[in-house]
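What follows is a single structure, written as structure tokens, with notes after it.
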Amino acid sequence: MKEERNLAPWQYPEERWRKIVNRVRAGRPLRPASWQGGARCAVALSFDSDHETNELREGGESIGRLSQGQYGNRQGVPRILDILVRASVKASFFVPAVTALLYPDEQRRVVAEGHEIGIHGWIHERNSELPLAAERELQMRSADTLAKLTGQRPVGIRTPSWDFSPNTLAITKEMGLLYDSSLMADVDCYELVMDGKDTGVVELPVEWIRDDAVYFNMNRFAALRPYTPPAGVYDIFKREFDAAYREGGVFQLTMHPHVIGYRSRIWILQELIAYIQGHEKVWFATHADIARYAKANS
Ligand SMILES: [Zn+2]
């Protein structure tokens, strides 16, 4: 056994690489012929309200970076919510429990305005690197904390790492969650399969391509700089929607209040919603509503 662990990947027996690949797989496609009310495209807007937890999760205590997190609460979320309410659009917010504890009023406003709040870890920990007991306890405590603060029990999760440990899906299934939104095997919803067995858990897939942070993040003391202008990011998101509409599928997008919520960027959200609303038969909905509909109608 010890000898096998020391094998290089090119030496793995077939059984071993198949086992690795089959831990979590995309199974049955969940792709309704049409969406609610006969819509041809489902639009799933999401916001990951990481705020200060991006700094805290690494053990950081930088007051400057924490202040950027606070911007997410003071400016980011209010700008986003104003746009959503004016456009009468519902969306999903994935909120680490520590963010929710720092800003309970923000979460209560999000829920009061008809949006969904989903699990996004405790302190945005790297869940994929945690031992089972810690990951399980944190995932459950995060759900309880959100439920207690907002009065609404979360039915979905976006893992902070956008990745799974070997145990994540079993925990999600044990909790009876409706869906996950962290993986990338398709453009449409699908059922997650664990070690060859259907789980009943819906995946509403994300992609880094449809994430504002990869285009805009900046690291002061390293080479990382924003390399795509806001107009370029708008163009990518718009083309992702255009194709989803043409194909009759899901357009899913992830943004961060502390990334998109700036004067030179927030227009991307506003113009994108206006552009999408210029199309017929589009259904804006929360991730939970889309996952539920896809599961019931596929
Ligand atoms: Zn996050």
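The values are calculated or read from the model by the stated rules, or taken from the named source; none is laboratory data. Everything numeric in this text was worked out from a predicted model, so none of it was measured. Ideal geometry is used to build each Cβ from the backbone, glycine not excepted, and the neighbour counts take in all protein chains shown. With ligands, DNA and RNA removed, areas are computed over all heavy atoms of the protein, side chains included. Shrake-Rupley method; radii C 1.70, N 1.55, O 1.52, S 1.80 Å.
Miscellaneous remarks
- Of all residue pairs spaced 6 or more apart or on separate chains, those with beta-carbon atoms under 9 Å, a first member in region 146-170 that is over 20 Å from S46 (Cα atoms) and a second member that is open to solvent by less than 20 Å² (accessible area, probe 1.4 Å) and within 12 Å of the ligand (Cβ to nearest atom) are S165/N127; S165/T159; T168/N127; T168/I157; T168/T159; T168/S182.
- Near pairs, Cβ below 6 angstrom, 6+ apart or cross-chain, from region 120-135 (on the phi > 0 side of the Ramachandran plot and aliphatic (A, V, I, L, M)) to any residue that is part of a helix (DSSP H, G or I) and more than 12 Å from the ligand (Cβ to nearest atom): none
- In the set E14, E52, E3, only one residue is at pLDDT below 95 and either at negative phi or in contact with a helix residue (DSSP H, G or I) (Cβ under 7 Å, 6 or more places away or on another chain) (or both); that residue is E3.
For every residue, the table says whether it meets (1) touching a Phe, Trp or Tyr at 6+ places or on another chain (Cβ under 8 Å); (2) part of a helix (DSSP H, G or I); (3) without any contact (Cβ under 8 Å) to a residue 12 or more places away in the chain; (4) open to solvent by less than 60 Å² (accessible area, probe 1.4 Å).
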site	(1), (2), (3), (4)
S182	yes, no, no, yes
Y190	no, no, no, yes
V202	yes, no, no, yes
P205	yes, no, no, yes
F221	no, no, yes, no
